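Presented below is the structure to which this report refers.
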Amino acid sequence: MDPAFSDRLAEIEAAFVETEAQLGDPEVISDPARLAELGKKHSDWKDVVADIRRLRQASIDLGEAREMSDDPDMATMAGELEAEIAELEEHIKLALVPTDPNDEKDVILEIRSAAGGDEASIWAGDLLRMYEKYADRHGFKIEPMDTSPSEAGGYDKVTVAVKGKGAYSHLKYEGGVHRVQRVPKTESQGRVHTSTATVAVLPEAEEVDLEIDPNDVRIDVYRSTGPGGQSVNTTDSAVRLTHEPTGLVVSVQDEKSQLQNKEKAFRILRSRLLQAEQERQAAELAGERLAQVGTGGRSEKIRTYNYKDNRVTDHRIGMTIKRLEHVLEGDLDELIGALYAEERARMLAEGA
């Protein structure tokens, strides 16, 4: 075992033992907040420490088995212990990879048509249906937030909330440019067109995550409009928020009530501001600003959906699945699982 890794495990176990001792301290027991904090810490590390102790015992047993390797049974046991130790080390290292603090949050999902005209807006609608079906498979609830329907069908822009424990951990890899290659229904010559839609996945921010100064937000109200600009509401119920320090603008018009539109607009604004702050912090650490959707151009893509070949390719991990129809029905688990595994492997390598 690497000495640095061994030292780190010893520090974790020592801290765990100290936490156990503190949990029995009468002063801690009389302090509910402190007791809850230490209880969570103990719970979080209990399984890891159990693996550390199993690893230590297996290492001792391996040393003894090697000393008696002339015995065929001991040689067999040594091989089994080596495999167990390798598995335990890998399991512990994975457990020590930091988790994303946003993983348990709900999601604000924004889909916008990009390159490809009418076909791009139709594609944005197809993506929305794909995510609705995925959410249904996993027991998440979809809450409409704001829609801008396209005259050709689909959406120029659509925003929904995906609600349920762990929604962000499931959908966070979906942010980026989604490219479709297919023959549009409106194409009389049967030619394949390439169109794109952008997807942004924002962890929904709670008021405790980010407080917005009301003086920083300009609120404008206006009448809701439908495709082609026709009025769909006779009252000024639509709401536009402008966050003046950042220039972020959020418009919501789906609800008939101005109050409901305002509440949804603030939820979207809060989530966008939280994402911007987290990206700023990530940029300082990584030396570059993260951007999920780029310009939405055809050459920028995280995933391509090719109808002719019945395939979906995720360009980030070079993975191709030849069952497009299942993916569009919300069966994204294989793709998302592979992206999760790749991220964990990368973080593990960086932390090694």
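Values quoted throughout were computed directly from the atomic coordinates according to the rules given, and no laboratory measurement underlies them. As the structure is a prediction and not an experimental result, all values here were calculated from the model. We place every Cβ from the backbone using ideal geometry, glycine too, and count neighbours over all the protein chains shown.
Tabulated values for the structure
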| quantity | calculated |
| --- | --- |
| Other-chain or far-sequence residues with amide H under 5 Å of V183's (modelled H) | H193 |
| Residue-wise HN-Hα coupling along the range 177-183, computed from phi with Karplus coefficients 6.51, -1.76, 1.60 (Hz; x: Gly, Pro) | 9, 9, 9, 10, 10, 6, 8 |
| When each of K105/K264; K163/K185; K133/K322 is checked by Cα-Cα distance, pairs over 27 Å | K163/K185 |
| Tilt relative to the chain, helix 3-23 - C-alpha long axis, 0 to 90 degrees, to 10 | 90 |
| Sum of side-chain charges, A50 neighbourhood, beta-carbon under 12 Å (Lys, Arg +1; Asp, Glu -1) | +1 |
| Using alpha carbons only: equivalent-ellipsoid semi-axes of the chain, gyration tensor based, whole Å | 48, 30, 16 |
| Projected label distance in nm at E244 and R34, using a 7 Å step from Cα toward the beta-carbon | 4.6 |
| Computed E for A75/E143 - FRET, C-beta separation, R0 56 angstrom, nearest 0.05 | 0.35 |
| Per residue convex hull volume, Cα atoms of the range 3-96, in Å³ | 96 |
| Mean-position separation - Cα centroids, the range 107-137 and the range 24-97, in angstrom | 46 |
| On Cα atoms only, tilt of 118-137 relative to the major axis of the chain in degrees | 40 |
| Difference of contour (0.36 nm per residue) and Cα-Cα distance, D44 to A345 | 106.2 nm |
| FRET efficiency, 1/(1 + (r/R0)^6) with R0 41 Å, evaluated for E329 and E64 via beta carbons | 0.15 |
| Helix axis angle, 258-286 relative to the chain longest principal axis, alpha carbon, degrees | 50 |
| Residue among N306, N261, N215 with the largest mean-square fluctuation in a Gaussian network model of the chain, springs linking Cα atoms under 10 Å | N215 |
| Among T99, T320, T196: highest mean-square fluctuation, GNM of the chain, C-alpha pairs under 10 Å | T99 |
